[in-house]
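These notes are about the structure you will find just below.
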Amino acid sequence: MGYTENELAKDLENQEYKFGFVTDIESDKAPNGLNEDIIRFISAKKNEPEWLLDHRLKAFATWKTMTEPSWAHVHYTKPNMQEICFYSAPKQTKKYESWDDVDPEMKETMKKLGISMEEQKRLTGVAVDFVMDSVSVATSFKSKLNELGIIFCSFSEAVQEHPELVRKHMGTVVPTSDNYYAALNSAVFTDGSFCYIPKGVRCPMELSTYFRINEGGTGQFERTLVVADEGSYVSYLEGCTAPQRDENQLHAAVVELIALENAEIKYSTVQNWYPGNKEGIGGIFNFVTKRGICERNAKISWTQVETGSAVTWKYPSCILKGDNSVGEFYSVAVTNNYQQADTGTKMIHLGKNTKSTIISKGISAGKSQNSYRGLVQIHKNATNARNFSQCDSLLMSDECGAHTFPYIECKNSSAKIEHEATTSKIGEDQIFYCQQRGIHIEKAISLIVNGYCKEVLNQLPMEFAVEAQKLLEISLEGSVG
Amino acid sequence: MNDTIQVNKLNAFIDQLTKTDLPFSKDIIAISDATIASNDFPTTRTEAWKYTRVGKISSIHGNDSELIIDKISDSHIIDANALTFVFENGELIQQFSNKEIPKGLDIKSISQASETELALIGKNVKLEKEVFNSLNTSYATDGIFVKIDDKIQLEQTIQIIHIVTGENTISNMRNLIQIGRFSEAKIIFGYFSSEATSSFTNVVTEIFVSENAKLTADKIQYESAGNFHVSTEQVAQEKNSNFSINTITLNGTLVRNNLNIEIDGSNCETHLNGVYLLKENQHVDNHTIVDHKAPHCESHELYKGVIDDKATAVFNGKVFVRKDSQKINAFQSNANVLLSDDASVNSKPELEIYADDVKCSHGSTTGQLNEEAVFYLRARGISKKSARHLMVSAFIEDVISKIKNEEVTNFTHSIIKEQFGWEF
Amino acid sequence: MIKISNLHASINGKEILKGLNLEVKAGEIHAIMGPNGAGKSTLASVLAGREEYEITEGSVDFDGQDLLELSTEDRAREGLFLAFQYPIEIPGVSNINFLRTSLNEIRDYKGEEQISAKDFLAKVKEKSALVELDSKLASRSVNEGFSGGEKKRNEIFQMAMLEPKLAILDETDSGLDIDALRIVANGVNKLKSDKNATIVITHYQRLLDYIIPDFVHVLYDGRIVKSGTKELALELEEKGYDWIKAEVEAH
C-alpha cells in the first residue's frame, strides 16, 4: 500500500550525511585550551600588528566576565573551552603561485565539495575564497577584481595589506562585548574573508567563500567583514560544510556588513555543517553573530538556507540607521533527527522611512526542534517605518517541534508592522493530488517543500539556488525507491 | 550575570504584611514562603517581565487601611441583576452582598470555607519563582469561593466586585471557582477603586471547569490612575468543556494580567478576548498562556489595544501544543493602534508546537488609524476628532462585540465614553 | 477497461459503498448520477486510492490488473486519472514543473525516455489551447489563485497532457458558468477515442447536454440502482430522485 509518514520519517533518519569525509593533511595546531598565551600565539603566528593583539586581549578580558547565553530554545552540553584547539592551519602555508601547485589531496576535498576550482573558474564565473580550517588557501579572480579596485581576500591578508580599512571597520557593527560568542570570536578568530567595494562600483560577479571544518576538535572562528562604499553593490555567497565526527565541534563566527550611503549588499548562505548522526551524536555547534548596518538609502539582504549543524544559534540582523534604508531576511531552516535550530533576525529601525521584510520558512522532521526568534524594533525617531514578517512552519513528524518567538517593539505611532505566522502539517491532500498524477510520495514531498520555500530560494543566485534545492532534497528525501 | 549583593526589596515588602490565617494546605504555604525567602521582585532581566517594571510596587509602604465604604455606588455595579458580592481591600463586605443563594450553588468568602473545601487552592497555580503568586498565597486576605454542583444551569450571573480604598493599601485577594460537570455559569469580575492612591491589588483566581461544563467570565479593570494591579487567572479545563474570558482594561497605572489556561481534556473550546485602552502614563501588560495538553481542541484569542499619550502596552501570548495533542486548531491575534508619538507597544505572540497534525497561526499588527478613512469621514462633514473616535470605536468594537452579557457591554461603553469620550 | 464487482467501502467504520457493480469498456462514456450522500465522490476517491477508505469486500479489475492492490501513483501511471471535485492548491510549485514531474514519472514507470524540454513545451501549448487555458497559468503555482472555472479547466488540461486510459470527472461541472462548462465539455469530447473511457460523476443533467453519455447510472445508498441511456438523465432532471428512492424501497 501507500508510503506512510512514519516510513518517511524512518527514511529521513537513515539519510547519511553526504559530505562526511576527512582530509588527511598535516596540521599545524596550537595546544588545546584558551588563555592569553594562546591568543598571543595566534596573533604572533599571523604576524599581526600590535593594535590587533590589543583588540584580541581586550575581547578576551570581556569574554571572561560573560556567561554563555541560555535563552535560546536549544539544549546541549556547553563546550569546554579548555578542550578546544583554537588554532589549526594546514601545515603547508605558503601561498600557491598557481592552481596546479595546490596539494592534490586538498583539491580532492574541494572536488568532493563540488567546488572544483577549474570548474568554478570556467563555468560559473564565481570568485572563490576557500577557507579550510582557519587559513585561506586559495583565491581566484583576483586580477579581474583588482582592476575595479575591489578587495577580496582572506582576513589575515587584509590585516597585512589593508590594515587601515580593517582597523576602521572591524568591530563597528558587532562590538567585542556584543555577546559571549562574539567576544570569544574577537579574541581568537583565526581567519575569514574581507571584502571592500569602492564607491560607485558594481561588483560584476558573485563573491563566494567556502568554509569547512576539517581537523577534529578544532573550533572554527572565522570573521567576515564586507564594506560596500557609497553607491556600490555586491552579492556575497557563503557555503559551509564539515566532515562527519563523533564529537561536537564549535563554530563561532562573526560577520559584519557595512553598507554605506546608497550601497547594497546581498549576502547568501547555504549552511550544511555536519548535523550529527541519527542518534544525535556529534555535529557542529553553530553559534554565529551576523549583523549589518545600513546608512542612508542603503540595503542589506540576508538569505539563508540552513540544513546542517547539531545546534544552530544565529540571527542575521540589520541596523537600519540611515533614512530610507531597507533590510531583508529570507530564511529556510530544515531540522531533522536531533537537530536544534534557534534562528531568525533582528530588524532595528532607527532611520525614517526604513523598511524591513522577514520571510522565514521552518521545516521540522524527526525528533528535531526548530524555532524562529525575531525582533522588530521601531525606535522613536523612525517615522513611517514599515515591517512585514511572515513565519511559517511545516511539521513532518509527530515527534518534532516548531516554535515561533517574535518580539515586536514599537515606539513610533506612524509605524506599520505586520506579523503573521502559521504552523501546520505537510498537506496530505497535496500529497494525494501529486500521487494521483503519478508522482511518487518522496518526489511529491520534495516538490511541495520546494514550493513552500520558493519565496526564499528565489532570492538566491541561480547556481546557489540549485545547490540549495539539492540540499533540501538530501535533507528530506528518503532513500526508498 | 551580575551577582553583586543588593538590598532585597521583597524582604522589606513582606514586613508590612500579615501572614494569612486562611486554611490553605501547609505544603502550599511552605512552597510560597520558600519562594519569597529566596527571590526578589522580578526585574526586566526576567523574560516574563522584560517590558514591565515593578519597582513602584515594591516601594509601597502599606498601612492598615480602615474599611470606609458605607454605600455602594452605581458606578461600581456592572450588572444590577447579578448575584453580587462586594469586597473592599480583599475583605468581603457582607452588607452589600447577596444572601439568597440559588440551589446547586455554594458561594461564600474563602474564610468561611473549610480546609477540605480549599483542597484545590494552589493545585495548578505556579508558586516556584513566582513572587506575586506566592505573596498572594502566603499573605492572602480573603476572596470568593464558588462551587457549582453537577448539572446546574445557573440563570443568574455571578458578580464579584473588588474596590480598593485608602492610601498604600495592599490587598491579596484569592478566589476559587469550581464549575461542576454538565453545568453552566456566567461570572463577572469588576476591579475598582474609591479614593485610593498608591494601592496595590494582587489577585489570584483559580478556576476549574469540569467535564462538559461551560463558563463565561467577563473581567473589567477600572482602578483609578495611581494604583497598581497584578492578577492571575489559572484555569483548568476538563474534556468537552467550554471556557470564555473577556478581559477589559480601562484604567490603572500599572496593570499586569496573567491568564493561564490549561486544557487537560479533549474536545474543548477556549476563547480569550481582550481590550486595553491606555492613556497618560499607563502601563498595561497582558500575558496569556493557552496550553493544549489534549487532542481535538480549539482555541481562539483576540486582543486589541489603543494606546495614547505616553502609555505603554505589552502583549505576550503563548500557545503550547504538547506532544500527542493532535488535531488542534489554535488561533491568536493581537492588534494595536498607537495614537501618539510617545506611545509604545511591545507585542510577543508565540507558538510552541510539539505535535504535527495541527493548524496554528498568529498575527500581530501595529499601526495607526487609517488616515484615508479619517479623511473620508471628514469629507462627509465629520470633525477630525469625531472621525478618529469613530475609527477607534470600530477598531475595538470587534472585541467588545464578543461579550455576550449586554449589561457588561453597556457598562464598558459608558466607561469608555466617560474616560475617553468615544461614542459607540 | 474497468470492472467493479460488489464493491464495499467504509470510512471511520461507516459503510458508504454497499456492493457496487459497474463495467466500463474502451470507447464508452458513463455518467453516474445520484442524490447528495449517495456515495458518488466516495467511488471516485476509492478508485483513485485515498487511504481513508477501507475496502471491506469486492474487487476492481483495471485492464487485467487488480486495481486495489496498486498504490495511488501506480494507478495514475497505469492510466487512471481523477479530475478532482476540489482541485488542490500547491503554493510555490509551478503548474509546468508539476506536470513535467508527473509526465516524466509516468514515462519512467513505463520504461520510456524523459520528455525533452522542446517536446514538452510544444505539448503544453497544444493542450492548453484545447481548454482555452491562458498560457500564463502554466507558470503560476498549481491551482493557487485560480478561479473556480480555471481550476476545473486546469484539471482537463492535465488530463489532456497525461492522456489517461480512464478518466473520472468528479463533479467537474459544479460551480461552472455556461461558458466554462462548454469549454470543459469540449475538451473532454476532443480527447475521446476508442481506446479510452470516461466516467462522469455529476449531480446535474446539464453537463450531459455537452458530454453525451453512452450509459447513465443512478447511484443511491451505495449501489447502482438503475441504469439506462441519456434519456434517464432527462427523466431524473424532471422528476428528481424521489421516485428512485420509492422504487428502491418498494423492492
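We did not get these values from a lab; they are worked out from the coordinates using the rules stated. This one's a predicted model, so the numbers in the text were calculated from it and none came from an experiment. Counting neighbours? That spans all protein chains shown, and the Cβs are built from the backbone with ideal geometry, glycine included.
Just a few scattered comments:
- Taking every residue in C:134-146 and counting other chain Cβ atoms within 10 Å of its Cβ, the average works out to 1.
- Measuring r between the beta carbons of B:GLU100 and B:ASN370 and using R0 = 56 Å, the FRET efficiency lands at 0.65.
- Length gained when the stretch C:LYS3-C:ASN21 is fully extended (0.36 nm per residue, less Cα-Cα span): 5.7 nm
- Dipole-positive endmost among B:HIS389, A:LEU148, B:LEU351 within the protein assembly as shown (Cβ charges, Cα centre): A:LEU148
- Percentage relative contact order, segment C:1-128, counting C-alpha pairs under 8 Å, at least six apart: 22
- Share, in percent, of DSSP beta bridges within chain B that are antiparallel, nearest 5: 5
- Two-decimal Rg/Rh across the protein assembly as shown, once Rg and the Kirkwood Rh are taken from alpha-carbon atoms: 1.01
- Label point 7 Å beyond Cα of B:ILE382 along Cβ direction - residues of segment B:335-376 with amide nitrogen under 13 Å: B:370-376
- Relative contact order of chain B, taken over Cα pairs closer than 8 Å and 6 or more residues apart, is 10 percent.
- DSSP beta bridges fully contained in the protein assembly as shown are about 15 percent antiparallel.
- Separation of the C:GLU113 and A:VAL466 label points, Cα + 7 Å toward Cβ, nm: 2.2
- Using 0.36 nm per residue and subtracting the Cα-Cα separation, the extra length available between A:ARG167 and A:PHE388 on full extension is 76.0 nm.
- In segment C:107-173, lysine pairs with alpha-carbon atoms under 26 angstrom apart (chain gap of 8 or more, or interchain): 25
- A Förster radius of 35 Å combined with the Cβ-Cβ distance from C:ASN12 to C:GLU249 puts the calculated FRET efficiency at roughly 0.85.
- Here the scattering of chain C is modelled by Debye summation over its C-alpha atoms, one equal scatterer each and no solvent; at q = 0.07, 0.14, 0.17 Å⁻¹ the log10 of I(q)/I(0) is -0.24, -0.96, -1.38.
- All-pairs Cα distance distribution in segment A:229-350, expressed in whole percent, bin size 5 Å: 3, 12, 22, 20, 15, 11, 8, 6, 3, 1
- In terms of surrounding Cβ atoms within a 10 Å radius of their Cβ, A:ARG223, B:ARG322, B:ARG45 rank from fewest to most as B:ARG45, B:ARG322, A:ARG223.
- Charged side chains reduced to their Cβ positions (Lys and Arg at +1, Asp and Glu at -1) give segment C:2-250 a dipole of some 620 debye around its Cα centre.
- Residue-averaged 222 nm ellipticity for chain B, from DSSP H runs of 4+ at -39500 (n - 2.57), nearest 500: -5000 deg cm²/dmol
- Percent of alpha-carbon pairs separated by more than 22 Å within segment B:78-212: 38
- Ellipsoid equivalent to segment B:370-424 - semi-axes via the Cα gyration tensor, in Å: 24, 12, 7
- Within segment A:342-481: Cβ-based charge dipole about Cα centre, in debye rounded to nearest 20 (Lys, Arg +1; Asp, Glu -1): 800
- Average projection, convex hull of the Cα set of segment B:2-264: 13.5 square nanometres.
- Peptide A:438-450 - average C-beta neighbours from other chains (10 Å radius): 6
- Rounded to the nearest 0.05, the FRET efficiency derived from the C-beta distance between A:LYS144 and C:TYR210 at R0 = 45 Å is 0.10.
- Of interest is the spacing of the C-alpha centroids, which for segment B:29-70 and segment C:160-236 amounts to 74 Å.
- DSSP beta bridges fully contained in chain C are about 60 percent antiparallel.
- Remark: mean inter-chain Cβ contacts per residue of A:451-461 equal 2, using a 10 Å Cβ-Cβ cutoff to other protein chain atoms.
- Taken about its Cα centre, the protein assembly as shown carries a charge dipole of roughly 2380 debye when the Cβ of each Lys and Arg holds +1 and the Cβ of each Asp and Glu holds -1.
- Multiplying the residue separation of B:ASN11 and B:LEU67 by 0.36 nm and subtracting their alpha-carbon distance yields 17.5 nm.
- The lysines whose alpha-carbon is closer than 17 Å to the alpha-carbon of B:LYS404, local same-chain residues fewer than 8 away aside, are B:LYS186, B:LYS214, B:LYS219.
- Relative contact order of segment B:211-252, taken over Cα pairs closer than 8 Å and 6 or more residues apart, is 65 percent.
- Estimated distance in nm for a label pair at B:LYS359 and C:SER59, the labels positioned 7 Å out from Cα along Cα-to-Cβ: 4.1
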